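Notes for the one structure printed next.
The values are calculated or read from the model by the stated rules, or taken from the named source; none is laboratory data. No experiment lies behind these values; they were computed from the predicted model shown. Ideal geometry is used to build each Cβ from the backbone, glycine not excepted, and the neighbour counts take in all protein chains shown. For the accessible areas, the whole protein counts, side chains as well, though only heavy atoms, and no ligand, DNA or RNA atoms are used. Shrake-Rupley method; radii C 1.70, N 1.55, O 1.52, S 1.80 Å.
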Amino acid sequence: SSNSSVATVNNGTVLAVAEGSATITATAGDKTTICHVTVRQNIQIWENRVKAILTDIYNALDGPNWIHQENWCSDEWVGTWEGVHVFPDYSLQLAFDGFGLKGKVPECLGDLTELKVLLLRNEPDVTGTLPESFKKLVNLESLCIERTSMTSLPDVFPVPSKLKWVSVFANKSMTGPLPESLGASDDMETFSIIGNAFTGAPPASWARHYKCLAIMGNNLSGTIPDTFLTGEDVPYKLLTILNQNPPGLDISGIDIKGCWPKEAVEDIITGETFKFADVVKKNKYTVFLEWAPWCPFSKALMPKLVDYYKQYHKDGLEIIATVM
């Protein structure tokens, strides 16, 4: 056994000692093989503990008045409690979507150390912030906080972190600085912070996530960290953070022209190619934006830009819009 405090071998029989993992190696002559052993506590003991924590969450968030509460606080298997999913490895998903939660996220949430997925969506009566105990959720991989009345995100995320998917969207009261620890994971695949009211500058360490990062429609302002202005793909790093509500981030010291694509691109109307630098030279002001036909923000913005173009093109204004 690689870990006799978890499992031992006695005359060829593997004996469980305590929770944890161990590698068992068996050798006969010149042949060797291994197997990995995981020792878990009694399932009934595990379920009783999880149920007790979930019941505390239920009581803290006005559970008796929830719209969806099937099997909650019952003797039924915890995986049948509405919004609760138990994965084969006994990790958990807790998904609240329009349940009618009311109040602040309780401290006891951090005791659900098995939690892999947490979703708080369409819960406008959830207020306050995340508890300090959130640091204990070291197995959390997915976090979704959308359309709540929470007021901030404190720096309470586990470091190191296993987060792969983060969405913090349309929480209109969520302000204050962005927490550095939210971006502590090196395994991030989706990192979306859109339509909230965060202030200050983006955390410097988040620049490394630029391939999956989107921080749009917040109230960020001040100086852009150097990490977004150096290294490779600077234009793409900047595009992840520049779309903010006024006054926005300070770009006075940045050569924005150098952030435009250097290669020739095709005009989707005429089919002709052109270079951004050539357009910039010809005009006094040039607006550059990325937009998408499916995006409601783009649809609302484009008619306004057309009006600006008609009014000010004669004075040296040009607009370049690339389609995503």
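Under a model in which nothing but the beta-carbon of Lys, Arg (+1) and Asp, Glu (-1) is charged, region 65-180 shows a dipole of about 420 debye around its Cα centre.
Binned at 10 Å from 0, what are the whole-percent values of the Cα-Cα distance distribution for region 1-126, short to long? Result, from short to long distances: 11, 35, 22, 15, 12, 4, 1 percent.
The gain in end-to-end length when the residue 129 to residue 272 segment is fully stretched comes to 46.3 nm, 0.36 nm per residue minus the alpha carbon separation. In order along region 145-153, the phi-based Karplus estimate (6.51 cos²θ - 1.76 cosθ + 1.60, θ = phi - 60°) of 3J(HN,Hα) comes to 10, 9, 6, 10, 10, 5, 9, 6, 10 Hz; Gly and Pro are listed as x. Compare the Cα positions of 273, 300, 283 along the charge dipole of region 265-309 (+1 at Cβ of Lys, Arg; -1 at Cβ of Asp, Glu; about the Cα centre) and return the one farthest towards the positive end. Highest projection toward the positive end goes to 283. A Gaussian network model of the chain, with springs between Cα atoms under 10 Å, assigns the largest mean-square fluctuation among 242, 289, 109 to 289. R0 = 56 Å: FRET efficiency of residue 300 with residue 52, Cβ-based, nearest 0.05? Efficiency for this residue pair is about 0.70.
Test of the criteria: in region 10-87, which trypsin sites (Lys or Arg not before Pro) are in a DSSP loop and have at most 16 other Cβ atoms within 10 angstrom of their Cβ? Passing sites in region 10-87 are 40. Per-residue Karplus couplings for region 31-39, computed as 6.51 cos²θ - 1.76 cosθ + 1.60 with θ equal to phi - 60°, are listed in order as 9, 9, 9, 10, 9, 9, 10, 10, 9 Hz, Gly and Pro entered as x.
Normalising the Debye intensity of region 173-261 to I(0), with uniform scatterers on Cα atoms only, and taking log10 at q = 0.16, 0.17, 0.26 Å⁻¹ returns -0.58, -0.66, -1.54.
Please check: in the Gaussian network model of the chain (C-alpha springs, under 10 Å), which one of 170, 18, 28 has the largest mean-square fluctuation. Sorting by GNM fluctuation, first place goes to 28.
To the nearest 10 degrees, how steep is helix 43-60 against the longest Cα principal axis of the chain, on a 0 to 90 scale? So the inclination is approximately 50 degrees. Pairs over the 31 Å Cα-Cα cut-off, from the set 102/164; 172/284; 172/237; 172/282; 284/304; 275/304: 172/284; 172/282. The structure shown yields Rg/Rh (Cα atoms, Kirkwood Rh), and of the options [x] 1.11; [y] 1.23; [z] 1.13 that calculated value carries the label [x]. In plain terms, the chain from residue 138 to residue 211 could stretch by 23.9 nm, reckoned as 0.36 nm per residue minus the Cα-Cα distance.
To the nearest ten degrees, helix 296-312 and the longest principal axis of the Cα atoms of the chain are 10 degrees apart. Residues in region 112-126 carry Karplus couplings, in order, of 7, 5, 7, 5, 9, 10, 10, 10, 10, 10, 6, 10, x, 9, 7 Hz; the curve used is 6.51 cos²θ - 1.76 cosθ + 1.60 with θ = phi - 60°, and Gly or Pro positions show x. Computed over neighbours whose Cβ is under 13 Å from that of residue 142, the net charge equals 0, Lys and Arg +1, Asp and Glu -1.
Only one residue of 251, 2, 191 has its Cα farthest out toward the positive end of the dipole of the chain, where Lys and Arg carry +1 and Asp and Glu -1 on Cβ, and that residue is 251. Within the full protein context, the accessible area of residue 275 is estimated at about 100 Å² for a probe radius of 1.4 Å. What is the distance in Å between the Cα centres of region 94-147 and region 275-293? The two parts, judged by their Cα centres, are 43 Å apart.
GNM remark for the chain: springs join alpha carbons under 10 Å apart, and the peak mean-square fluctuation among 277, 292, 207 falls on 292.
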